[in-house]
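Got a structure for you, written out below as structure tokens; questions coming shortly.
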Amino acid sequence: MKIEIWSDFVCPFCYIGKRRLEEALESLPDDAEVDIQYKSFELDPDAKTETTPVMHEKLAKRYNQSLEQTKEMTSSMEEQAKAVGLDFRFDQMIPANTFEAHRIAKFAEEQGKSHAVTERFLSAALTEGKNIGDSETVYNLAVEAGLPAGEVEQILNGDDYEESVREEEREAYQLGVQGVPFFVINRKYAVSGAQPKETFEDALKQVWEEERGTPAFTSLNSKQGSTCSEDGCD
């Protein structure tokens, strides 16, 4: 089974969705072989990297609401995160441009370190208040996750993997992806949003049991999935 996941490192529901999928994968038979591939998606390609934790202020402006209303909204996300073992701290999150991180993630895929690097970047941006848009921070995180320091530095100082990131973003557009996380299973089924674990379990079971089917996507969503788009997180 092949699962492709379009996501962004500053997307809260991408991290929650990742955890729920991981929990659901435990329901598959022991002999199930699952290949997970992470795909690039920038929620805000034109974002400027901030230098201080101003996520609440930025969200308040985006939704045209007060800081109090914004904090109530993000507290709900924090509760969902806690349910899957994640400690979100919106008061420490730094809005950032994630393009450089996505370039390094493409290199990590070639190195067999995609899962480690993806997990490290998500954790850094969403639970540790790290500036994922800062090249030095990206470098340190990538090396921590096991990537070779010299090659990471060379990539960050050049333009390697830029086209790889853009190609995956174009593919997302062609598939009609409007928000992330977005999961594609065997290029046949699509699951949009951080669906409940049970939805993922049902989807995985259905795909596992079916050997053939139509090439078009079949939606396996429930009404409870949450996504982040350029307009914000719902």
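The values are calculated or read from the model by the stated rules, or taken from the named source; none is laboratory data. All values derive from a computational prediction rather than experimental measurement. Quick reminder, even Gly has a Cβ in these numbers, built from the backbone with ideal geometry, and neighbours come from all protein chains shown. Heads up: the accessible areas ignore ligands, DNA and RNA and are worked out on the full protein's heavy atoms, side chains in. Shrake-Rupley method; radii C 1.70, N 1.55, O 1.52, S 1.80 Å.
Can you confirm whether region 26-49 contains a residue that is within 16 Å of GLN92 (Cβ to Cβ), in contact with a Gly (Cβ under 8 Å, 6 or more places away or on another chain) and not in a helix (DSSP H, G or I)?
yes
Hey, could you check region 206-230 for residues that are touching a helix residue (DSSP H, G or I) at 6+ places or on another chain (Cβ under 9 Å) and either at pLDDT 90 or above or among the hydrophobic types (A, V, I, L, M, F, W, C) (or both) and say which is least open to solvent (accessible area, probe 1.4 Å)?
Taking the candidates together, the pick is CYS228.
Go through (1) more than 22 Å from GLU26 (Cβ to Cβ); (2) open to solvent by 30 Å² or more (accessible area, probe 1.4 Å); (3) within 19 Å of the chain's Cα centre (by Cα) and name the single condition LYS197 misses.
The single condition LYS197 does not satisfy is (1).
Return yes or no: is ALA145 open to solvent by 20 Å² or more (accessible area, probe 1.4 Å), within 20 Å of ALA116 (Cα to Cα), of a type in the set (A, V, I, L, M) and modelled with pLDDT of 95 or more?
no
Mind listing just one residue for me: the one in region 160-188 that is in contact (Cβ under 8 Å) with a residue 12 or more places away in the chain and more than 16 Å from TYR38 (Cα to Cα) and, of those, most open to solvent (accessible area, probe 1.4 Å)?
Filtering region 160-188 for residues that are in contact (Cβ under 8 Å) with a residue 12 or more places away in the chain and more than 16 Å from TYR38 (Cα to Cα), the one most open to solvent (accessible area, probe 1.4 Å) comes out as GLN178.
Hey, another quick one. Hey, any hits in region 56-63 for a residue that's open to solvent by less than 70 Å² (accessible area, probe 1.4 Å), part of a loop (DSSP other than H, G, I, E, B) and modelled with pLDDT of 90 or more?
The answer is no; no qualifying residue exists.
Open to solvent by 70 Å² or more (accessible area, probe 1.4 Å) and closer than 21 Å to GLY150 by Cβ: does that describe GLN69?
Taking the combined requirement at face value, the residue does not satisfy it.
If you scan region 6-34, which residues turn out to be at pLDDT 95 or above and open to solvent by 60 Å² or more (accessible area, probe 1.4 Å)?
Within region 6-34, GLU22, GLU23, GLU26 qualify.
Is there a residue in region 90-105 that is under 30 Å from GLU198 (Cα atoms), in contact with a helix residue (DSSP H, G or I) (Cβ under 8 Å, 6 or more places away or on another chain) and β-branched (Val, Ile, Thr)?
Checking region 90-105: not a single residue is under 30 Å from GLU198 (Cα atoms), in contact with a helix residue (DSSP H, G or I) (Cβ under 8 Å, 6 or more places away or on another chain) and β-branched (Val, Ile, Thr).
For residues in region 113-126 being surrounded by fewer than 18 Cβ atoms within 10 Å (Cβ to Cβ) and within 12 Å of the chain's Cα centre (by Cα), which is farthest from GLY158 (Cα to Cα)?
Residue satisfying both the conditions and the ranking: SER123.
Moving on to the next point. Please count how many residues of region 98-112 are assigned to a loop (DSSP other than H, G, I, E, B) and buried (at least 19 other Cβ atoms within 10 Å of the Cβ).
Total satisfying the criteria: 1.
Going through region 72-84 one residue at a time, which ones are acidic (Asp, Glu) and either open to solvent by less than 50 Å² (accessible area, probe 1.4 Å) or more than 30 Å from GLU23 (Cβ to Cβ) (or both)?
GLU78
Right, next: Among the numbered criteria (1) closer than 19 Å to SER226 by Cα; (2) charged (D, E, K, R); (3) not in a helix (DSSP H, G or I), which one does ASP91 miss?
ASP91 satisfies every listed condition except (1).
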